[in-house]
Amino acid sequence: MCGIVGYAGPRDATDVLVGGLKRLEYRGYDSAGVAVITPDGSLAVHKRAGKLGVLERDLQRSPMPQSATGIGHTRWATHGGPTDGNAHPHLGDDGRLALIHNGIIENFAPLKEELLAEGAEFTSETDTEVAALLLGREFGRTKDLLSAFRAVVGRLHGAFTLLAVHADEPGLVVGARRNSPLVVGLGEGEQFLGSDVAAFVQYTRRAMAIGQDQIVAIRPDGIELTTFDGEPVQGEEYEVAWDAAAAEKGGWSSFMAKEISEEPEALEQTLLGRVHDGLVVLDEIGGGFPDDVLRSVDRIVLLGAGTSAYSGLLGKYTIEKWAGVPVEVELAHEFRYRDPVLGPNTLVASISQSGETMDTLMAVKYARERGARTLSICNTQGSTIPRESDAVLYTRAGPEVAVASTKAFTAQAVALYLFGLHLGRVRGVLPDGESRAMVAELQALPEKLRQVLTQGDEVREMARQMSDTRSVLFLGRHVGYPVALEGALKLKELAYIHAEGFAAGELKHGPIALIEPGQRVFVIVPSPRDTSSLHPKVVSNIQEIRARGAYVLAIAEEGDVAVLPYADEVLRIPLAGTMFEPLLAVALLQQFAMELAAAKGLDVDQPRNLAKSVTVE
Ligand code: AGP
């Protein structure tokens, strides 16, 4: 979950590296550093604990030497705290090689013992320095960085993206990856490396993903891609759909505010090209899941973590309803270490914004090893999880930079809805008439979401009134339940206060003991319109907690007057179908969490202790 940048070309390397790190800072931000090779063959390194701004101020005071080759790193600590010494890059013995790393080298301890026995001296507590010293010593034998890399990476276990430069080889950056992201930016007379395309998209939108156990050498005039064993590999080039502006705040107070505002467009983009004649058509998954395979699917497992698991819960309700296939939602990190029952007709779908979450990636690999076919629902082109899957359904929400996921969540839910409608039609269990009605609901969502998002001032005022709140509960039933869980997670990760989501029916089985006078409780209220609605039951739940002094903040559809006598505050959503109103309600809870964090003066885009992509298990 660190940010990594490499450059070889005519520009000032330090400018390119720091600019790239700025766009990757959301991947981890407790220390940062750069290393450049000067034309006269010396290595300059500067690294500092703290956010990237600390390093930038240092470099303004004492600039790095002019260079055309370099590597840069922004860190989320795994081994060793966020200190200057533990910051990357790390050096070889002779100080002429610099290395940066994303991931965890699981066998670093025995390798460190081996190096210590050979008299090596360590200046940090990191696993990365072990690789740097090994690589520096290997270079001493080979005098060639590429072959030194091949010798060393074969000895490393775990997850790693490594980049290195050596003063004896100006103009060359070498990278290697295993279970961790790395992409190449292909330029004219210049080449880039990054953890994701945000590192270089301002210079080039031609990209190439580096595959598992591959090594890439970049020089200004081109790249060389091989396996760890040195076998040449033909990489797949692709065009990055984002532009540099999309990766910037665009005038918003935070990336999170920008990304919430983009939710309607994220849904429109996710729907684009996937509806024909009012019905869902998902040709893009036909390679991995032709219709006959889909018809044989007898069970679906949805894998994810955090917010992505909660969007999976929304998918569970809709896929079971529309396709008649049992769906289980599994936390990827739990699934990975149990003995799940997977048959040849089990479809495993992973849900991941980044496509790099290690828990989810390892669970996908585990499922494949046990014979399951895998579908990736992902927001990041060319990321690892889609490449490890039989097919991918991209969510097209655009870059999501804020650590707290918002537009990706709603886009994931829409992708799951599309899949459920597609599956129901292919299996012949969902009449076209009903399918078309659901598609119409999906296509109406973006405009309804735009209406919901006009309540920003009310939500901000509500948050300001609650800025000293220490605990908030969230209640929902049916598809409102995943929204309750997601609303609680948003508040935890942004405002750092106790927040818990419950199925409203569960309250009387214990959690109601938490209710005391003044306890703030959000309630996602279902529509009262359809006869089978759970509205009466949820209103009863509201009465139960009001009777015990709770302060109720209801999210209810326009025109629902039944809640008025029992709610202290009401936020409104436009009328939509039962399965669709939660996607309107969740936007208000995302806004609320953001506004409460802002009211408390907290960093909305980079909350403490978190990282955007958790690429360690
Ligand atoms: C979302 O607000 C959280 N930052 C976190 O739960 C995130 O959803 C989770 O880590 C999964 O990330 P992914 O979607 O990139 O796999």
Open item on the list: For Gly235, only one of the following conditions fails: (1) surrounded by 17 or more Cβ atoms within 10 Å (Cβ to Cβ); (2) small (Gly, Ala, Ser); (3) in contact (Cβ under 8 Å) with a residue 60 or more places away in the chain; (4) out of contact with any helix residue (DSSP H, G or I) (no Cβ under 8 Å at 6 or more places or on another chain). What is its number?
Closed with: (3)
- [ ] Scan segment 120-132 and report the pairs whose first residue is free of Cβ contacts under 8 Å to residues at least 24 places away in the same chain and more than 9 Å from Asn86 (Cβ to Cβ) and whose second residue is surrounded by fewer than 17 Cβ atoms within 10 Å (Cβ to Cβ) and of a type outside the set (D, E, K, R), with Cβ atoms within less than 8 Å and a gap of 6+ or a chain change.
- [x] Phe122/Leu116
Task: segment 339-388: number of residues that are among the acidic types (Asp, Glu) and either within 9 Å of the ligand (Cβ to nearest atom) or under 23 Å from Ala411 (Cα atoms) (or both) - done: 3
Open item on the list: Looking at segment 261-273, I want the residues that are touching a residue at least 24 places away in the same chain (Cβ under 8 Å) and have a partner that is β-branched (Val, Ile, Thr) and crowded, with 21+ Cβ neighbours inside 10 Å with Cβ atoms under 6 Å, at least 6 apart or on another chain. Which pairs are those?
Closed with: Glu263/Thr410; Leu267/Val414; Thr270/Thr395; Thr270/Val414
Open item on the list: Anything in segment 533-573 that is within 25 Å of Arg450 (Cβ to Cβ) and part of a strand (DSSP E or B)? List them, or say none.
Closed with: Leu553, Ala554, Ile555, Ala556, Glu557, Glu569, Val570, Leu571, Arg572, Ile573
Task: Selection status of Glu569, at pLDDT 95 or above, crowded, with 18+ Cβ neighbours inside 10 Å, farther than 29 Å from Thr380 by Cβ and among the charged types (D, E, K, R) - done: no
TODO: Among the candidates Ala576, Ala597, Ala585, Ala593, single out the residue that is part of a helix (DSSP H, G or I), away from the ligand (no atom under 16 Å from the Cβ) and at pLDDT 95 or above.
DONE: Ala585
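Among the listed residues Val348, Val293, Val275, identify the single one that is closer than 28 Å to Thr161 by Cβ and buried (at least 16 other Cβ atoms within 10 Å of the Cβ). Walk me through how you get there before you give the answer.
Numbers: Val293 fails: closer than 28 Å to Thr161 by Cβ; Val275 fails: closer than 28 Å to Thr161 by Cβ.
One residue alone meets the criteria, Val348.
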TODO: Would you check which residues across segment 60-85 are touching a helix residue (DSSP H, G or I) at 6+ places or on another chain (Cβ under 9 Å), surrounded by fewer than 24 Cβ atoms within 10 Å (Cβ to Cβ), within 15 Å of Ala32 (Cα to Cα) and among the aliphatic types (A, V, I, L, M) and list them?
DONE: Met64
Task: Residue check, Val280 surrounded by 16 or more Cβ atoms within 10 Å (Cβ to Cβ) and either polar (S, T, N, Q) or in contact with a strand residue (DSSP E or B) (Cβ under 6 Å, 6 or more places away or on another chain) (or both) - done: no
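Show me the helices (runs of 4 or more DSSP H) found entirely inside segment 221-338 where at least 2 residues are within 16 Å of the ligand (Cβ to nearest atom).
It comes to 255-261, 263-271, 307-323, 332-335.
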Task: Subset tally (residues that are more than 8 Å from the ligand (Cβ to nearest atom), out of contact with any Gly (no Cβ under 7 Å at 6 or more places or on another chain) and of a type in the set (Gly, Ala, Ser)) for segment 390-412 - done: 4
Task: Filter result (under 22 Å from Val570 (Cβ atoms), within 16 Å of the ligand (Cβ to nearest atom) and aliphatic (A, V, I, L, M)) within segment 492-544 - done: Ala495, Ala499
Open item on the list: Looking at (1) in contact with a strand residue (DSSP E or B) (Cβ under 9 Å, 6 or more places away or on another chain); (2) away from the ligand (no atom under 15 Å from the Cβ); (3) over 16 Å from Ile555 (Cα atoms), which one does Asp468 not meet, given that it meets all the others?
Closed with: (1)
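Quick one: in segment 391-443, which of the residues that are hydroxyl-bearing (Ser, Thr, Tyr) and part of a loop (DSSP other than H, G, I, E, B) is farthest from Gly278 (Cα to Cα)? So that I can check it myself, show each step before the final result.
Within segment 391-443, the subset hydroxyl-bearing (Ser, Thr, Tyr) is 394-395, 405-406, 410, 417, 435.
Those still in the list that are part of a loop (DSSP other than H, G, I, E, B) too: 395, 405-406.
On the way: Thr395: 20, Ser405: 30, Thr406: 27 Å.
Only one residue tops the list, namely Ser405.
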Open item on the list: Which count do you get for residues in segment 470-521 that are aliphatic (A, V, I, L, M), assigned to a helix (DSSP H, G or I) and either in contact (Cβ under 8 Å) with a residue 40 or more places away in the chain or closer than 20 Å to Ala404 by Cβ (or both)?
Closed with: 9
Open item on the list: Please determine whether any residue of segment 603-617 is more than 14 Å from the ligand (Cβ to nearest atom) and either within 18 Å of the chain's Cα centre (by Cα) or not in a helix (DSSP H, G or I) (or both).
Closed with: no
Open item on the list: Kindly evaluate Ser180 against the criterion of being of a type outside the set (Asp, Glu) and either under 25 Å from Glu400 (Cα atoms) or buried (at least 24 other Cβ atoms within 10 Å of the Cβ) (or both).
Closed with: yes
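Kindly establish whether His88 is in a loop (DSSP other than H, G, I, E, B) and either closer than 28 Å to Val216 by Cα or touching a helix residue (DSSP H, G or I) at 6+ places or on another chain (Cβ under 8 Å) (or both).
Numbers: in a loop (DSSP other than H, G, I, E, B): yes; either closer than 28 Å to Val216 by Cα or touching a helix residue (DSSP H, G or I) at 6+ places or on another chain (Cβ under 8 Å) (or both): yes.
So His88 fits the description; yes.
The values are calculated or read from the model by the stated rules, or taken from the named source; none is laboratory data. Note that the structure is a prediction, hence the values are computed from the model and not measured. Here the Cβ is made from the backbone with ideal geometry for all residues, glycine too, and neighbour counts use every protein chain on show.
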